[in-house]
Every structure is written in structure tokens, then in C-alpha cells.
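Undergrad: Before we start, here is the structure in question, set down as C-alpha cells.
The values are calculated or read from the model by the stated rules, or taken from the named source; none is laboratory data. Everything numeric in this text was worked out from a predicted model, so none of it was measured. All Cβ positions, even for glycine, are placed from backbone atoms using ideal geometry, and neighbour counts span all protein chains on display.
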Amino acid sequence: MIMKTLRNEKGFALGFVLILSVIGLLMTLAMMIMVSRGGYVSGQQRMFRSAVEAGMGGVESMFHILDLRGNTAAITLSTIDVQNSVAFGNKINRATSAWAGLDNVLTINPSNASSYDVRVDLGMYRVFIKVADTVEGNSAADEGLIKSGVVNSGAGEITVPSVPYLYTIEVLSQNRINVNERSRISVLYQY
């Protein structure tokens with residue numbers, strides 16, 4: 001009688017179906033978690049990309065300002081605000097070693113106006129820009145030697161080779177409402 005009880009297969013199908021149901025439930029739960037996590041990551045990526053695009057717009061504005069050689073009176077856009085035009089002019093027209101008391105730390109703190117040079121408002125985003133380092137060249141200050149310069153006797157005219165300025169620019173862009181939506185960009189610009 002004991003052998004008959006051990007060889008009895010009644011209820012085996014129920015146990016097997018329960019095990020398969022648990023496995024199916026776990027797979028469905030895992031798929032739901034992956035789909036919801038994918039939506040969250042996609043939303044975060046969208047916000048980050050928007051902040052990066054705003055930062056790139058701020059970089060383009062900074063290039064425009066550098067082309068003006070710091071002449072803040074020539075800036076026509078009301079969305080661009082130069083914090084201290086005299087200090088900013090010194091930063092972009094002199095080497096870092098000649099800045100005399102000006103900040104060259106890479107960190108930008110949006111709540112401290114002295115930690116950045118330029119603020120640009122682009123829609124929902126505010127972009128903070130700072131010149132962190134300037135390596136002086138000869139091409140930005142005066143282009144007068146390109147057409148006339150030192151003449152070597154009988155050999156013709158010698159043109160001075162152009163050595164550009166190099167600027168290290170730090171950019172922080174962030175959403176005005178959600179400050180966690182932000183990006184940081186470092187730019188090495190040759191002018």
C-alpha cells in the first residue's frame with residue numbers, strides 16, 4: 001500500500017501548472033519593470049538633451065561676444081547679460097597670468113554672479129558662461145601686419161604668422177524651473 005501511494009501521480013499537473021504560472025508572472029513583472037524604467041530613462045535623456053542644446057546656444061552667443069572683442073555696447077540682444085564688462089574685457093584680451101585678481105576657477109555657481117562672466121536667457125533655460133583661461137596670441141588684437149610688415153632686403157615681404165588666442169570656456173545651462181535639468185560643457189575656442 002505504501003508503494004501505491006508513492007507512485008500516485010494525482011495532483012502533479014496542478015503543481016506543474018502552478019510553477020509555470022509563477023514563472024510567467026515573474027517574466028511579466030520583469031517586462032513591466034523594464035518598460036517603465038525605459039520610459040523614465042527616455043524622459044531623463046530628453047531633458048538632458050534640451051539642456052545640452054541650450055548650452056550650445058549659449059556657446060554660440062559667447063562666440064559672438066568674443067568676435068566683438070568684449071565690446072559689450074555692441075551686443076544687441078537683450079537676453080545676453082555681461083556681469084562686469086571691464087573685468088570681462090580684461091579676461092578675453094589678456095593672458096590669464098595678467099588678470100590680477102580675476103577668478104579663473106572652473107566652477108560656476110548660478111547663485112553667485114561673480115562666479116560667471118555672461119548670462120544668456122534662452123527660453124526656459126538660463127546659460128551661465130565663464131572664461132576660465134586665456135592664452136594670448138597675436139591674431140585677435142591687430143591684423144595690421146598681414147598686408148605690410150618687415151621687408152627682407154630684395155627677398156620680398158615677410159608676413160607674420162597668425163597665432164590665435166585660445167580660450168577655455170566653461171558653460172552651465174539649467175532649466176529655470178527645474179534646476180536638476182542641467183548640463184555642463186567645457187569648450188576650447190581658438191580665435
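Undergrad: For the subset of the range 40-79 comprising residues that are among the β-branched types (V, I, T) and in contact with a strand residue (DSSP E or B) (Cβ under 9 Å, 6 or more places away or on another chain), which member is surrounded by the most Cβ atoms within 10 Å (Cβ to Cβ)? Talk me through it step by step, then tell me what you get.
TA: Initial filter on the range 40-79 (among the β-branched types (V, I, T)): 41, 52, 59, 65, 72, 75-76, 79.
Okay, now just the ones that are also in contact with a strand residue (DSSP E or B) (Cβ under 9 Å, 6 or more places away or on another chain), so 52, 59, 65, 72, 75, 79.
On the way: V52: 16, V59: 19, I65: 23, T72: 16, I75: 18, T79: 15.
Across the range 40-79, the extreme among qualifying residues is I65.
Undergrad: Sticking with this structure for a sec: Picking from V171, V86, which residue would you name as being assigned to a strand (DSSP E or B) and modelled with pLDDT of 70 or more?
TA: Numbers: V86 fails: assigned to a strand (DSSP E or B).
Testing whether each residue is assigned to a strand (DSSP E or B) and modelled with pLDDT of 70 or more leaves just V171.
Undergrad: Can we say T159 is of a type in the set (S, T, N, Q) and at pLDDT below 85? Full working, then the answer.
TA: On the way: of a type in the set (S, T, N, Q): yes; at pLDDT below 85: yes.
Spelling it out, T159 is indeed of a type in the set (S, T, N, Q) and at pLDDT below 85.
Undergrad: Additional query: May I ask you to verify whether V120 is in a strand (DSSP E or B) and either touching a residue at least 40 places away in the same chain (Cβ under 8 Å) or of a type in the set (V, I, T) (or both)? Talk me through it step by step, then tell me what you get.
TA: Numbers: in a strand (DSSP E or B): yes; either touching a residue at least 40 places away in the same chain (Cβ under 8 Å) or of a type in the set (V, I, T) (or both): yes.
Yes: the conditions hold for V120.
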